1. Here is a list of conditions, (1) within 15 Å of ligand 2 (Cβ to nearest atom); (2) touching a strand residue (DSSP E or B) at 6+ places or on another chain (Cβ under 6 Å), and A:PRO208 meets all of them except one; can you say which number that is?
2. Conditions: (1) hydrophobic (A, V, I, L, M, F, W, C); (2) touching a Phe, Trp or Tyr at 6+ places or on another chain (Cβ under 9 Å); (3) more than 11 Å from every other protein chain (Cβ to nearest Cβ); (4) not in a strand (DSSP E or B). B:LEU43 meets all but one. Number of the miss?
3. So A:THR281 passes all but one of these: (1) at pLDDT 95 or above; (2) open to solvent by 60 Å² or more (accessible area, probe 1.4 Å). Which condition number does it fail?
4. Could you check the range B:291-390 for strands (runs of 3 or more DSSP E) lying wholly inside it with 1 or more residues that are touching a residue at least 60 places away in the same chain (Cβ under 8 Å) and open to solvent by less than 20 Å² (accessible area, probe 1.4 Å)?
5. For the range A:1-38, which positions are within 16 Å of ligand 2 (Cβ to nearest atom), under 22 Å from A:VAL120 (Cα atoms) and among the hydrophobic types (A, V, I, L, M, F, W, C)?
6. In the range A:86-105, what residues are away from ligand 1 (no atom under 16 Å from the Cβ) and without any contact (Cβ under 8 Å) to a residue 60 or more places away in the chain?
7. Grab the helices (runs of 4 or more DSSP H) fully contained in the range A:1-120, keeping just those with 1 or more residues being within 13 Å of chain B (Cβ to nearest Cβ) and more than 18 Å from the chain's Cα centre (by Cα).
8. Suppose we keep only residues that are in contact with a Leu (Cβ under 8 Å, 6 or more places away or on another chain) and in contact (Cβ under 8 Å) with a residue 40 or more places away in the chain within the range A:59-84. Which one would you say is nearest to ligand 1 (Cβ to nearest atom)?
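The values are calculated or read from the model by the stated rules, or taken from the named source; none is laboratory data. Everything numeric in this text was worked out from a predicted model, so none of it was measured. For neighbour counting, all protein chains shown are included, and Cβ atoms are generated from backbone atoms with ideal geometry for every residue, glycine included. With ligands, DNA and RNA removed, areas are computed over all heavy atoms of the protein, side chains included. Shrake-Rupley method; radii C 1.70, N 1.55, O 1.52, S 1.80 Å.
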Amino acid sequence: MSDLLETYVRPEKNPGTACKGCGLRLAHRNVLEAIDELKLSTGDVVWGTGIGCSGRQTFATWRGDTFAGTHGRVYAMATGLRLALPPEKRLILTVGDGDAFTIGFLHLLNAARRNVDMTVVVFDNLGYQSTGGQYGVTTPLGSRTDSSPYGAWEPNWTQGGFDVLRILKEAGATFLARHTVLQGHEPVESLKKAIGNRGFSLVQLIYPCVTHFGVQALETRNIATVYDWFRERTSDDLAADSNTHFTTGIVHDAAGSRPEFSVAVRDFVASVQKGGSRGGTN
Amino acid sequence: MKRIFDTGNAAITEGAIRAGCNLFAGYPITPATEIAENMSRRLPQVGGYYLQAEDENAALHICNGGSIGGLKAMTATSGPGFILFADAFGWAVSSEVPVVIVNSQRVGPVSGITGAPGQGEFYLSRYLTHGGNYETIVLAPASVQEAYRLTVRAFALAERFRTPVIVLADQMVTDGWETLELPETDDEFAALGLEVVPRRINPGPEFYPASDEIDVPPVVLGHNTGAACSDWTPTDRGHDTEDITWQHKHAWRLIHKIVNNRQLIDEADEWFLDDDPEIILVGYGTPSRVIRSAVGEARKSGLKVGGIRLISLWPFQSHLFTRTACYLVVELNWDGQLVREVERAAADGSNVHFWGRCGELPSMAELLDTVRQLLDNEPLQRDGWRTEKW
Ligand code: SF4
Ligand SMILES: [Mg+2]
């Protein structure tokens with residue numbers, strides 16, 4: 001890890017300000033490992049972030065070029081940025097579950113529809129943790145949080161037969177995976193595939209928030225106990241019961257099956273410039 | 001010059017293309033839809049990209065994203081879409097990203113009336129985002145020809161000041177048909193006082209200088225300069241910080257890069273102000289054309305009446321109101337917006353009056369009636385809410 005940090009992380013941003021024991025560091029490391037194993041350098045990747053713990057902890061850590069968007073809008077920004085970047089440049093976004101699946105979901109769906117070449121890594125801490133612990137659309141039903149003192153009861157998008165990744169699949173995403181950070185190298189393998197896909201990829205990476213989720217929902221300040229709960233709940237069978245487990249694996253791999261957006265736009269523009277039939281004249 | 005007969009929407013499109021715009025993202029909305037349509041036809045011809053966004057919030061964010069990649073980006077909308085820019089506008093202001101925003105004002109509030117002119121976003125254009133600590137550049141065309149010129153100018157100012165620039169038009173300017181002269185040569189272009197400022201790339205490591213200097217190359221990602229830009233308060237390197245000292249420096253720059261270089265922005269027409277007129281009519285956009293006619297007519301009948309047409313709205317040109325006089329501010333709204341700034345700026349002893357209406361222009365005769373009442377010290381005859389002592 002120290003090598004990875006030296007290579008890829010700005011020294012003034014190391015070790016960062018995440019809480020002691022926070023699983024976000026593991027998630028962050030997974031992404032760096034994937035980049036490293038793909039032999040990408042700082043100049044090969046542009047790194048964007050959203051709002052929340054994931055954004056605050058990862059913005060400007062990347063030694064290369066980096067940006068942070070307003071809450072939930074970074075997918076729209078990345079759509080514009082993608083048009084300006086050379087196709088080989090990798091665009092990685094580390095964002096939270098709230099950023100991606102609630103406030104930014106409209107933009108996320110449209111980025112998937114267009115198959116814009118970006119890798120969205122959702123650092124999923126099961127709710128709104130940077131604001132002190134409120135339930136979101138990945139918070140397990142029944143969880144106590146500061147805004148669900150009687151237990152979270154609103155339908156979410158990970159249980160009761162719903163899977164937010166299936167919605168993204170229908171929307172046109174070409175690579176989708178879900179993991180927890182307690183699965184060793186498995187998330188890294190999926191992240192490598194996601195980053196390699198020249199299209200819209202999303203990896204949901206569930207990690208333990210010890211400060212809020214651990215204390216409020218699991219009622220413990222013991223970091224090891226929190227991690228045990230996450231480990232026990234992790235299943236590597238995607239067909240397992242999502243009401244009781246984090247079902248993990250590659251949900252959808254259709255890399256290369258659809259035209260990538262920025263390539264398609266460039267082709268379209270070139271066809272108009274050649275007097276193509278769709279172009280019209282002036 | 002190529003002379004054509006076309007709309008303000010077409011003029012804005014051609015201005016953007018001439019300025020080097022190569023990304024437009026927008027969402028259809030009356031009366032700005034034609035700008036999107038025109039851009040969808042013109043941009044691919046010049047190698048640029050047209051995107052139809054999922055909403056206006058996305059539209060400006062797509063523009064911001066393109067801009068930090070080095071594209072010259074523009075969006076266009078009307079009131080209900082303009083309000084949705086708050087989020088992305090603030091991001092562009094704080095990250096100092098060049099982008100051009102066109103607003104064709106219609107009748108509000110909310111959806112109001114789509115196909116009629118209003119001037120309800122005078123203050124909203126100044127304060128299009130939350131949090132304060134910034135200045136805004138807003139330009140207001142009054143004709144098709146000027147819509148072309150100010151769109152080109154908006155792109156140049158956006159680059160030089162590293163900030164979003166708003167072209168605040170109204171439905172009559174954008175939908176109206178007039179003769180439009182398009183420069184065909186660089187000389188003709190320059191003769192209009194116009195320039196194209198190319199995209200520049202900040203080499204770093206100091207992306208956010210704590211100074212009021214302009215012409216600092218913007219942050220551009222993808223060149224491995226270590227560029228960093230965000231919604232957070234930045235250090236000089238663009239890192240997020242909670243240190244209030246950096247915040248002071250940042251706010252000082254956002255304000256003073258604009259106010260200390262405002263001579264590059266300020267623009268107004270002044271009519272018959274040399275002989276200390278008793279009444280000065282004030283306005284911007286389409287109503288200012290009626291003002292101009294009314295002032296000319298008043299002079300013909302020997303009345304000492306002058307006029308001021310604001311071409312740049314923000315930063316506000318308070319220096320135009322240092323004469324002690326009677327000001328009559330004419331606007332396409334019933335609540336009075338510009339008039340509040342004139343009241344604030346007007347020299348001591350001035351009288352400031354408001355003539356408001358929305359959805360249609362005042363007639364010259366109506367303005368002249370009010371001028372005569374003011375000159376005769378008659379109590380202002382109130383027809384509806386038309387005339388107010390402010
Ligand atoms: S609040 Fe939770 S998710 Fe955020 S840094 Fe602390 S432990 Fe991590
Ligand atoms: Mg969260």
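1. (2)
2. All conditions are met except number (3).
3. The single condition A:THR281 does not satisfy is (1).
4. B:305-310, B:312-314, B:326-331
5. Within the range A:1-38, A:ALA18, A:CYS22, A:LEU24, A:LEU26, A:ALA27 qualify.
6. Within the range A:86-105, A:PRO86, A:GLU88, A:LYS89, A:LEU91, A:LEU93, A:THR102, A:ILE103, A:GLY104, A:PHE105 meet the criteria.
7. By residue number, A:2-8, A:74-84.
8. A:TYR75
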